[in-house]
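First up is the structure itself, then whatever we jot down about it.
Any read-out appearing in this document is the output of simple, stated calculations on the displayed coordinates, not a laboratory observation. From a predicted model like this one, the values you see are computed outputs, not experimental measurements. Methodologically, a virtual Cβ is constructed for each residue, glycine included, from the backbone with ideal geometry; neighbour enumeration extends over all protein chains shown.
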Amino acid sequence: MKARARILLFLYIVAAVTIVPWLYYEGRSRAEDPGVLFRTVEGQLKAFRERNFPVAYTLTSSGFRSQWSLEEFTYMARGDFHRILGAERVEFGPWQRRGRYAVLQVFFVHADGTVAPCIYSLVSEGAYWRIDSARWVRGWPSGQRMRGIRT
C-alpha cells in the first residue's frame with residue numbers, strides 16, 4: 001500500500017512540475033500579446049471613420065460609459081475628427097500592461113508628416129479589452145523619425 005501511495009505521489013509531482021510552467025507560459029504569452037490592444041483601438045478607429053459612434057462607444061469601458069453618455073461621447077469624438085480622420089496612417093508605439101490595465105501609445109501620422117500622438121488607457125472587462133481614456137499629447141513637426149508598428 002505504501003508503494004502505491006509513493007508511486008501516485010511521484011506521478012502527481014511529475015504532472016505538477018510539467019503542467020505548472022506550461023500554464024504560466026501560456027497565460028503569460030496571451031497576456032503580453034499587444035495585438036488584442038491594437039485590435040480594440042483599430043476597431044474604434046474604424047467605427048469613427050464610418051461615423052458609427054454607437055459602435056465606437058461600445059468599445060469604451062463601463063467606467064467611461066458611466067461618466068459619459070453616447071451624445072457626450074459623440075460630441076467629444078467629433079472634436080477630434082481632424083486628428084483621427086486626417087491621418088494617412090496609424091502606428092502603434094510602446095505599450096505596458098499591469099493586471100487588468102494597459103497603456104498604449106498611438107501615433108496618427110498625417111500626409112504632411114506631422115504626427116498627433118495619443119495615449120490610450122485600456123481595461124480588461126471579462127473577455128474583452130475596452131478603452132478607458134484617450135489623451136492627446138503634444139505632437140511634433142514633419143520629418144522627425146519614430147519607431148512603431150504600422151497598420
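Summary of computed values
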| read-out | value |
| --- | --- |
| Ranked 57, 75, criterion: other C-beta atoms within 10 Å, fewest first | 75, 57 |
| Rg/Rg_ref, segment 34-150, where Rg_ref = 2.2 N^0.38 Å and atoms are Cα | 1.03 |
| Given charges at Cβ of Lys, Arg, Asp, Glu: segment 34-150 dipole, positive-most of 96, 118, 43 | 96 |
